[in-house]
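For reference, the structure is listed below as structure tokens.
The values are calculated or read from the model by the stated rules, or taken from the named source; none is laboratory data. From a predicted model like this one, the values you see are computed outputs, not experimental measurements. Cβ coordinates were reconstructed from backbone atoms using ideal geometry, including for glycine residues, and neighbour counts include every protein chain displayed.
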Amino acid sequence: MSQTASAEATAATGQAGSPASETGSRHRWWILAIIGLAQLMVVLDATIVNIALPSAQADLGFSDGNRTWIVTAYSLAFGSLLLLGGRIADLFGRKPAFLVGVSGFAIASAVAGAATNFEMLVAGRALQGLFGALLAPAALSLLTTTFTDAKERAKAFGIFGAIAGSGAAIGLLLGGVLTEYLNWRWTLYVNLFLAVFAIIGGTLLLKRTPRDPSAKLDLPGTVLVTTGLFSIVYGFSNAESHDWSSPLSWGFLAAGAVLLTVFTWWQTKASHPLLPLRVLLDRNRGASFAAMLIASAGMFGVFLFLTYYLQLSLGFSAIQTGLAFLPMVGALMVSATASTNFLLTRISPKIVVSLGMLLGAVGLVWITGLDLSSTYAANVLPPLLVIGFGIGLIMAPAMSLATAGVAPDDAGVASASVNTMQQIGGSIGTALLNTLAASAATNYRVGKDPTNKLVQANAALESYSTAYWWSAGFFAAGALITVLLYRRGVPQTDPDAAPAVHM
């Protein structure tokens, strides 16, 4: 019997009589609802503000150059502080980390929504990222330690993976509705309503977990990984507004690589490492981190450039664009729940996740053929469904396997690592695909009249198509990598990896 199975048997028998266990068992599906709501709040804010940016810009009067900082401020704080947030949850308790994260995120949303100038809006978005970095790993680690039965864990992670994978698309729809019928500030105020339910439910249902009083925070490791991740995210963000040859791009990327290398070395020496390397030793876990990184980079080609195409080429409104993504969300939810409930219990993740990657690649290659005469029902919807099915087969299994078998003391930092891969992947996709798309549009216009409307429209199509091809390449590479990394057979846990011990 594997360690995971043994731990599940222990959780089901030896601890069944404890009050905490009985309470957690009795309310576990309500806990999932609370955790899912909080996770939705975090992933929504990666895209919900995007549609509102033109309205916010007109209201507050900031420049086009400053507009990117509304998005970058959130991703910088969120991406660079995730591992610290995960370790804080492990050391000081997942319940307080979750509640502080939700409360802080709500307050930050209120500050950003009430912004009277550009600086206040950026500060609010940065605070959202900071508290999101505490909230996201606490939420995923709570899910990991709440559901120890294999079948129920599969269902829970299927639902959670569907939320994580579809949150960006839901954000586009909700952002369009709120901006059109209320105003841009409600794309931020909406978090207050979500937070109220999460705070009340979390306070009533979540149980405090005991902590080791001898455990300490790895301060050198914290500084190294925070500055390293900040440099990576900042470097890729600068690549959108600066040339890749700019020191603000390659300089920060190089500095980030060096800092993260030193961080990895330090984790082998530290007495209380921020990211114990045992968390990374399991082969399936490492493959899942890689899958999250690659899929997040590839997904960007769908959400951003297809949004541009629907609005600018086909003339969709913001609400119509959001609604156009709903079938993809439905397909994603179906495949996410099916992948963890049925497929992973019978088939190797080597097949399941790789199939998802291939479907993503096929769908993206399919939409490279979109042109000005294409229609949504005939030309956009079919590949969108294929992509949705593919992403669902990637996200839910990867999240589940990335945290499977992790000791409770490491659940927070393992969960943070999953979120970090997702955030870094999104940053890479944002910078790389934007740069490649812009270059493709510029090259298309060479020798043509740049003021001609048809030339402009076709140049835009060329840029979108380029982004789709590269996104398809990400997924194709992901298929190869996951085939090589995942072990054969139904998932097991390496005996020398982080032990599967549940509380």
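Scan region 21-36 and give yes if some residue there is within 18 Å of Ala169 (Cβ to Cβ) and modelled with pLDDT of 80 or more, otherwise no. Yes, region 21-36 contains a residue that is within 18 Å of Ala169 (Cβ to Cβ) and modelled with pLDDT of 80 or more. Taking region 240-263 as the range and being hydroxyl-bearing (Ser, Thr, Tyr) and surrounded by 14 or more Cβ atoms within 10 Å (Cβ to Cβ) as the test, the residues that pass are Ser241, Ser246, Ser249. Restricting to region 411-457, what's the tally of residues that are more than 15 Å from the chain's Cα centre (by Cα) and touching a residue at least 60 places away in the same chain (Cβ under 8 Å)? Qualifying residue count, region 411-457: 10.
Of the residues Met333, Met395, only one is in contact (Cβ under 8 Å) with a residue 12 or more places away in the chain and either farther than 19 Å from Ala150 by Cα or more than 21 Å from the chain's Cα centre (by Cα) (or both); which? I'd like the intermediate steps shown before the answer.
On the way: Met395 fails: either farther than 19 Å from Ala150 by Cα or more than 21 Å from the chain's Cα centre (by Cα) (or both).
Matching residue, one of Met333, Met395: Met333.
Find all pairs meeting these conditions: Cβ atoms under 9 angstrom apart; at least six residues apart or on different chains; first residue within region 80-102 and surrounded by fewer than 24 Cβ atoms within 10 Å (Cβ to Cβ); second residue outside any helix (DSSP H, G or I) and acidic (Asp, Glu). Here the result reads Leu91/Asp212, each pair linking region 80-102 to a residue that is outside any helix (DSSP H, G or I) and acidic (Asp, Glu).
Tell me, which residue of region 57-71 that is touching a Leu at 6+ places or on another chain (Cβ under 7 Å) and at pLDDT 80 or above is surrounded by the most Cβ atoms within 10 Å (Cβ to Cβ)? Once the filter is applied, the top-ranked residue is Ile70. Restricting attention to region 260-283, the residues that are more than 14 Å from Thr420 (Cβ to Cβ) and either free of Cβ contacts under 8 Å to residues at least 60 places away in the same chain or in contact with a Lys or Arg (Cβ under 6 Å, 6 or more places away or on another chain) (or both) add up to 13.
One residue alone among Leu454, Leu484 is aliphatic (A, V, I, L, M), under 30 Å from Ser141 (Cα atoms), exposed (fewer than 14 other Cβ atoms within 10 Å of the Cβ) and at pLDDT 80 or above, and that residue is Leu484.
One residue alone among Thr261, Thr307 is under 30 Å from Asp371 (Cβ atoms) and part of a helix (DSSP H, G or I), and that residue is Thr307. A search for C-beta distances below 7 Å between a residue of region 132-161 that is among the acidic types (Asp, Glu) and any residue that is surrounded by fewer than 24 Cβ atoms within 10 Å (Cβ to Cβ) and in a helix (DSSP H, G or I), counting only pairs 6+ apart in sequence or on different chains, returns Asp149/Glu8; Asp149/Ala12.
Each row is one residue, and each column tells you yes or no for (1) in contact with a Leu (Cβ under 9 Å, 6 or more places away or on another chain); (2) at pLDDT below 90; (3) in a helix (DSSP H, G or I).
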position	(1), (2), (3)
Asp243	no, yes, no
Ala257	no, no, yes
Pro273	no, yes, no
Arg285	yes, yes, yes
